[in-house]
Amino acid sequence: MRDPLEAAVATAREAGAVLMEHLHRPLHIEEKGRRADLVTQADRESERIIVARLRAEYPNATILGEEGGVRAGTANERWIVDPLDGTTNFAHGYPMFCVSIAYERDGELLAGAVYAPMMNELFEVERGAGATLNEHRIGVSAISGVGAAMLCTGFKPSDYERNARHFAKASNHAQAVRRDGAAALDLAYVAAGRFDAFWEFDLAPWDMAAGALLVREAGGRVTALDGCTFRLEGDSILASNGAVHDEVRSLLSAV
Ligand code: IPD
Ligand code: CA
Ligand code: CA
């Protein structure tokens, strides 16, 4: 049996290859209920492969995947899987999409992989051992003020009004604000020092698990948007290089 990091990396790569195959075929795009919340056959096929691989090596672990929900296990281990983060981007051929796989034991995130196949960028992380991008060590940026920062956020089209206020406030103070549409990758970009901070409301555990560990292991800070302890089941995330964290938090608290 491979260790969790090796299993996550190999599986994310394999699932990424599946996504790339589907990118060149006709896509069956469905809405999942909420407006513009998309799912395609590529999401499902990617999750099927991931679950099969992880099940084979970790038969007792619980697997939580976006498309299939919880596959209950008996052990105190959990895989947290987004088989395709950034489905809308994927459906348009916009390269900001990825596979995100995280491994948790006794409620603690221990390892993860985020793979963006169209850009062939693989982010790996292991608790206590740091974070890498294509095997090179990465770290958060050294930007110390929002005025010089590139921030990123995300939101569901159906929840535009609340997020528009935050976006406007941040845009009035930061050097730039981006909305790239793939939360797991947005978090990996904070870890790599490309974004100085990222925030979003109402994400799911599979959007955040691997990315949150990447940011922490790259030297950054992760909390809820109000500064309280970050929880995978919580209703917000603020991830940053640490230096701009409190400034972003107080900026967005006054909206
Ligand atoms: C979505 C993306 C997007 C975020 C949404 C997520 P999906 O995930 O991460 O950036 O704003 O909240 O649901 O549906 O593409 O896996
Ligand atoms: Ca997602
Ligand atoms: Ca997804």
How many residues does region 56-73 hold that are open to solvent by 20 Å² or more (accessible area, probe 1.4 Å) and more than 16 Å from ligand 3 (Cβ to nearest atom)? 8
Limited to region 204-235, what total is found for residues that are outside any helix (DSSP H, G or I) and surrounded by 23 or more Cβ atoms within 10 Å (Cβ to Cβ)? 2
For S100, only one of the following conditions fails: (1) among the hydroxyl-bearing types (S, T, Y); (2) surrounded by fewer than 20 Cβ atoms within 10 Å (Cβ to Cβ); (3) not in a loop (DSSP other than H, G, I, E, B). What is its number? (2)
Could you count how many residues in region 62-95 are in contact with a strand residue (DSSP E or B) (Cβ under 8 Å, 6 or more places away or on another chain), in contact (Cβ under 8 Å) with a residue 40 or more places away in the chain and not in a strand (DSSP E or B)? 6
Do the conditions hold for D43, that is, is it assigned to a strand (DSSP E or B), closer than 17 Å to L185 by Cβ and in contact with an Asp or Glu (Cβ under 8 Å, 6 or more places away or on another chain)? no
Kindly list the number of the only condition in (1) part of a loop (DSSP other than H, G, I, E, B); (2) under 19 Å from N163 (Cβ atoms) that fails for L238. (1)
How about region 170-210: which of its residues are of a type in the set (G, A, S) and either out of contact with any strand residue (DSSP E or B) (no Cβ under 8 Å at 6 or more places or on another chain) or within 13 Å of ligand 3 (Cβ to nearest atom) (or both)? G181, A182, A183, A184, A204, A209, A210
Looking only at region 121-162, how many residues end up being in a loop (DSSP other than H, G, I, E, B) and away from ligand 3 (no atom under 16 Å from the Cβ)? 13
Residue in region 193-203 that is small (G, A, S), modelled with pLDDT of 95 or more and in contact with a helix residue (DSSP H, G or I) (Cβ under 6 Å, 6 or more places away or on another chain) present: yes
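Among the listed residues A111, A116, A184, A170, identify the single one that is open to solvent by less than 20 Å² (accessible area, probe 1.4 Å) and under 21 Å from C228 (Cβ atoms). Full working, then the answer.
On the way: A111 fails: under 21 Å from C228 (Cβ atoms); A116 fails: under 21 Å from C228 (Cβ atoms); A184 fails: under 21 Å from C228 (Cβ atoms).
Exactly one of A111, A116, A184, A170 is open to solvent by less than 20 Å² (accessible area, probe 1.4 Å) and under 21 Å from C228 (Cβ atoms), namely A170.
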Between V18, V51, which is within 15 Å of ligand 3 (Cβ to nearest atom), closer than 16 Å to F97 by Cα and without any contact (Cβ under 8 Å) to a residue 60 or more places away in the chain? V18
For region 133-163, enumerate the residues that are closer than 14 Å to G211 by Cβ and more than 15 Å from the chain's Cα centre (by Cα). I138, V140
Scan region 164-182 and report the pairs whose first residue is at positive phi and in contact (Cβ under 8 Å) with a residue 40 or more places away in the chain and whose second residue is within 15 Å of ligand 1 (Cβ to nearest atom) and part of a helix (DSSP H, G or I), with Cβ atoms within less than 7 Å and a gap of 6+ or a chain change. G181/T88; G181/N89
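Going by the conditions given, is E6 part of a helix (DSSP H, G or I) and over 20 Å from G68 (Cβ atoms)?
yes
The values are calculated or read from the model by the stated rules, or taken from the named source; none is laboratory data. Please read these numbers as outputs of a predicted model, since none were measured by experiment. Note: ideal-geometry Cβ built from the backbone for every residue, glycine included; neighbour counts use all protein chains shown. Quick note on the areas: whole protein, heavy atoms, side chains included, nothing else; ligands and nucleic acids left out. Shrake-Rupley method; radii C 1.70, N 1.55, O 1.52, S 1.80 Å.
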